[in-house]
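The values are calculated or read from the model by the stated rules, or taken from the named source; none is laboratory data. Quick caveat: nothing in here was measured; it's all calculated off a predicted structure. Neighbour counts are summed over all protein chains in view; Cβ atoms, including those assigned to glycine, are modelled from backbone coordinates with ideal geometry. Heavy atoms of the whole protein, side chains included, go into the accessibility calculation; ligands, DNA and RNA do not. Shrake-Rupley method; radii C 1.70, N 1.55, O 1.52, S 1.80 Å.
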Amino acid sequence: MIDLHLHFDGSVPVETVIKLAGKQGIELPANNEEELAPYLQAPVDCRDLNDYLSRFDLPLKVLQTREALAHAMEDVVEELYEEGLLYAEIRFAPQFHTERGLTQRQVVDAVLEGMDQGLKKQKTPGLETRLILCCMRGADNEEANLETIRIGSELIGKSRVAAVDLAGAEGIYPTEDFAPLFALAREKGIPYTIHAGEADGPESVKAAIRMGTRRIGHGVRAVEDAGTVEEVIEKGITLECCLTSNIQTRAFLSPREHPLLDLLRRGVKVTVNTDNKTVSNTTIDREFRILRECGMTEAERRQMLLNSVQAAFLSPEEKEKLADRIKAAF
């Protein structure tokens, strides 16, 4: 299994949040997993995107120290290993973790430390991971975004940091507003992906493509315009699709209405991802089970996993090894 679109703060286990809050003296609305879960896991029938995003409040509150960040990432990586993943790209916005005095670089170093510790705990080496640094859409965080790009430039090729991303309210802050950010990323040779086509429509996908991205986080609203779908196919853009979270945020009303399989069958390079394991209470295995119930074939499952391999922020040699493992599993 492979997960290319996995948010760190949305995937911290409930038990970990309780431990971190206890160590820091942070009061929680409940102190056992069963009672705290509703504060961290969004319901299937969220009122809207804001209802879904409210589940990030507690994780962000406890992830403001170096120790907490390292501990949480270690636990996330360990959970991914136990679920049998071969490869995962975990993303987060360093600027969201500086409220208690850490610099963005200190935040990233702590997360990398936790990632390394989690990987070292593997009983049998099988999981590999990379880190994606998210810039955020906003009106007054340009310097914070530039700092994220600078850190990416320093660490890509020298650590598990592999790329940058742009996340946030795409309908309020259009992608074009961040063109200078992507120009800088291209200048520094930084790979990137862009959140688009989730809360906003096909034009959001087109804007992301104009920024030069080869990958789009979500991107499924492209289905609303045939021309956009054709452009995605023609330019070989990979869509990082997240079925369960799209339904929770009301982008689509049910798994059978979700266009993931339709896009795949039309020739789009679709991948399957969790988005937020804890907030959506899901795993990659569960996402594929839902798709199987919607008519996905084993050949389609294999193709989507190979799509993930080809889109991964890895070297050609690393991709070849990962592809061989996928093919061997089938």
Selection from the range 122-148 of residues that are loosely packed, with under 14 Cβ neighbours inside 10 Å and either hydroxyl-bearing (Ser, Thr, Tyr) or touching an Asp or Glu at 6+ places or on another chain (Cβ under 6 Å) (or both) = Thr124
Residue that is touching a residue at least 60 places away in the same chain (Cβ under 8 Å), more than 16 Å from the chain's Cα centre (by Cα) and open to solvent by 30 Å² or more (accessible area, probe 1.4 Å), where the choices are Gly101, Gly84 = Gly84
Of the listed residues (Leu305, Leu243), the one being touching a helix residue (DSSP H, G or I) at 6+ places or on another chain (Cβ under 8 Å) and under 29 Å from Leu36 (Cα atoms) is Leu243
Set Leu291, Leu239: member being of a type outside the set (Gly, Ala, Ser), assigned to a strand (DSSP E or B), touching a Lys or Arg at 6+ places or on another chain (Cβ under 8 Å) and at pLDDT 95 or above = Leu239
So which residues in the range 170-196 are in a loop (DSSP other than H, G, I, E, B) and either open to solvent by 40 Å² or more (accessible area, probe 1.4 Å) or in contact (Cβ under 8 Å) with a residue 40 or more places away in the chain (or both)?
-> Gly171, Ile172, Tyr173, Pro174, Lys188, Gly189, Ile190, Pro191
Checked Ser245, Ser280, Ser308 against criteria (surrounded by 15 or more Cβ atoms within 10 Å (Cβ to Cβ) and either part of a loop (DSSP other than H, G, I, E, B) or of a type in the set (A, V, I, L, M, F, W, C) (or both)); the one match is Ser280
Assess whether Ala162 counts as being outside any strand (DSSP E or B) and within 20 Å of the chain's Cα centre (by Cα).
-> no
Check Asp225 against each of (1) out of contact with any Ser or Thr (no Cβ under 7 Å at 6 or more places or on another chain); (2) closer than 19 Å to Thr297 by Cα and name the one condition it does not meet.
-> (2)
Just a yes or no: is a residue in the range 42-52 under 30 Å from Arg301 (Cβ atoms) and buried (at least 23 other Cβ atoms within 10 Å of the Cβ)?
-> yes
Given (1) touching a Gly at 6+ places or on another chain (Cβ under 7 Å); (2) under 18 Å from Val107 (Cα atoms); (3) not small (Gly, Ala, Ser), number of the condition Thr193 does not satisfy = (2)
Evaluation of Leu264 against (1) free of Cβ contacts under 8 Å to residues at least 24 places away in the same chain; (2) of a type in the set (A, V, I, L, M); (3) more than 20 Å from Ile90 (Cα to Cα) (one fails), failing number | (1)
Determine, yes or no, whether Arg91 is modelled with pLDDT of 95 or more and open to solvent by 10 Å² or more (accessible area, probe 1.4 Å).
-> no
If you go through the range 14-40, how many residues are open to solvent by less than 50 Å² (accessible area, probe 1.4 Å) and not in a helix (DSSP H, G or I)?
-> 3
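I'd like to check something: does the range 199-222 contain any residue that is part of a helix (DSSP H, G or I), open to solvent by 30 Å² or more (accessible area, probe 1.4 Å) and under 19 Å from Cys134 (Cβ atoms)?
The answer is no, given that none of the residues of the range 199-222 is part of a helix (DSSP H, G or I), open to solvent by 30 Å² or more (accessible area, probe 1.4 Å) and under 19 Å from Cys134 (Cβ atoms).
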Go through the range 248-277 and give me each residue that's among the charged types (D, E, K, R), closer than 14 Å to Pro43 by Cα and open to solvent by 30 Å² or more (accessible area, probe 1.4 Å).
-> Arg250
If you take the residues in the range 54-81 that are over 26 Å from Tyr192 (Cα atoms) and among the β-branched types (Val, Ile, Thr), which one is surrounded by the most Cβ atoms within 10 Å (Cβ to Cβ)?
-> Val62
Determine whether Thr129 is outside any loop (DSSP other than H, G, I, E, B), hydroxyl-bearing (Ser, Thr, Tyr) and more than 13 Å from the chain's Cα centre (by Cα).
-> no
